[in-house]
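Student: Submitted below is the structure of interest, expressed as structure tokens.
The values are calculated or read from the model by the stated rules, or taken from the named source; none is laboratory data. Everything numeric here is computed off the predicted structure, so don't read it as measured data. Here Cβ is always computed from backbone atoms with ideal geometry, including for glycine, and neighbour counts include all displayed protein chains. Just so you know, the surface numbers come from the protein's heavy atoms only, side chains and all, with ligands and any DNA or RNA stripped out. Shrake-Rupley method; radii C 1.70, N 1.55, O 1.52, S 1.80 Å.
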Amino acid sequence: MQNVDRKSIKNSNVGDQNKNKRKRLRLIAAVIVGIVAAYLHQCWHSLSYSILHETYICSKDTCGNKGIVEECCCDYESVNDINGAVLHPLLQELVKTPFFRYYKVKLWCDCLFWPDDGMCRMRDCSVCECPENEFPESFKKPSLHTLPNDDPVCQEGKPEATVDRTLDARSFRGWVEVDNPWTHDDETDNGEMTYVNLQLNTERHTGYTGPSARRIWDAIYSENCPKYAYGETCPEKKVLFKLISGLHSSISSHIAADYLLDETNNKWGPNLKLMRDRVLKHRDRVENLYFTFLFVLRAVTKAAAYLDQAEYDSGNHMEDLRAQLLIRQLVHNSKLQDACALPFNEAELWQGQGGPVLRQQIQNQFRNISALMDCVGCEKCRLWGKLQVLGLGTSLQILFSVDDQGNPDPHLQLQRNEVIALVNLLNRLSESLIYVTKMRDQIAINPLAKIIGLVQRQWGSSIVHWWKKLSKSN
């Protein structure tokens with residue numbers, strides 16, 4: 001009996017020891033799990049903070065540009081309001097009229113700065129002739145400069161690749177033939193010029209990227225348009241950089257807004273990541289986009305009298321009357337006057353004895369930039385590059401032209417092609433502001449925040465469940 005009792009006591013002691021040992025192990029395991037969970041939670045919190053705060057994207061109320069646009073006379077809110085309500089709808093209608101739809105351009109020029117790399121052969125890089133029924137009667141004369149019918153880039157049969165290349169001297173009736181001193185191309189030389197239907201060659205993603213594309217922008221910024229130094233007191237140098245930067249942002253916005261998301265299924269749509277990375281997370285790029293828009297808008301309003309009386313003749317009388325009416329609504333708009341009477345004050349520039357020399361220096365730099373458009377390896381990119389640079393050059397000519405004595409030139413003379421480029425550039429910039437606002441709002445609530453919150457909640461519930469299970473087993 002004593003032996004049995006001793007054995008029972010011994011077994012009981014062993015059981016207690018094992019039970020205590022298991023409790024200690026569970027407690028140690030629980031402590032380890034708690035420490036690991038706390039560590040991982042902290043790591044995840046740090047990661048989520050980095051993701052959510054690394055970029056400038058958030059709500060438009062907290063991260064949208066506010067106040068007066070730098071170097072301009074209007075604030076961001078007024079610009080957005082007047083653009084969305086008045087200017088953008090007007091411009092969208094204006095650029096669809098026959099007069100503003102066809103643009104004369106010389107697409108085949110040698111690059112002056114480096115050997116030609118060959119054109120981009122992707123379908124969406126190409127510019128091809130459009131069928132006769134696509135352009136007005138007054139344009140229907142045989143063209144001496146069309147792509148050969150057997151050119152492989154013209155055989156796709158896609159609307160976005162078709163274009164009118166017909167030349168017609170009657171298109172220039174009522175317009176002077178003068179060369180723009182701010183641009184490289186001689187606009188009075190009709191040799192090898194072709195007409196392009198801009199509505200069928202939209203500015204969008206073409207796949208043109210890599211070293212060739214980077215080399216263009218590197219040459220523009222590093223050699224011809226160096227960024228002004230911090231505290232730079234010369235506003236004229238700021239203007240050139242901000243114009244090019246704003247144009248760059250606009251081009252990037254159009255690429256991101258109409259991007260080939262799935263080549264197999266030919267699916268197009270907005271690329272929010274590209275828009276965020278190239279434009280929206282850079283405050284200065286957004287700011288310069290607004291600056292360029294207001295600069296070009298000021299040029300258009302300053303040339304109001306000239307544009308009002310210009311002859312808009314494409315051979316389609318009703319459409320030409322409509323184009324003139326839309327122009328008058330644009331340049332004499334009371335709502336625009338109330339919201340932003342003076343978008344940009346050019347009178348503050350070129351002051352002092354060094355003004356004429358500085359003007360010539362910046363004019364030469366801009367001419368070099370326009371010449372670089374001949375080095376663009378994508379035909380459709382080259383088309384829009386040439387058009388928009390000519391539009392900027394026309395703006396510079398309107399705002400900064402001087403006579404032989406260096407005084408502002410009151411006798412403004414513009415080519416038809418310059419007016420077409422000017423209006424289409426303003427429309428591109430106006431559309432970019434719409435894209436910036438719309439796509440910023442789409443990215444405003446970062447989708448990663450939702451994922452992070454979901455994972456954090458799931459992680460936390462798993463830890464609680466695990467802890468309760470350990471506690472019950474003890």
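Student: Evaluate the charge dipole of the range 278-399 about its Cα centre and quote only its size in Debye, nearest 20, assuming +1 on the Cβ of each Lys and Arg and -1 on the Cβ of each Asp and Glu.
Tutor: Result for the range 278-399 is approximately 500 debye, rounded to the nearest 20.
Student: Applying a 10 Å radius around every beta-carbon, put 374-387, 305-318 in order of their mean neighbour count, most first.
Tutor: 374-387, 305-318
Student: So how do 27, 321, 425 rank on accessible area, 1.4 Å probe, biggest first, that is with the largest at the start?
Tutor: Of 27, 321, 425, the descending order of accessible area is 27, 321, 425.
Student: Extending each Cα 7 Å along its Cβ direction at residue 70 and residue 218, get the distance between those two points in nm, one decimal.
Tutor: 2.6 nm
Student: At q = 0.16, 0.18, 0.26 Å⁻¹, what base-10 log of I(q)/I(0) does the Debye formula yield for the range 292-333 when every alpha carbon is treated as an equal point scatterer in vacuo?
Tutor: -0.43, -0.53, -0.86
Student: Kirkwood hydrodynamic radius, computed over distinct alpha-carbon pairs, for the range 274-381: how many Å, to one decimal?
Tutor: 17.7 Å
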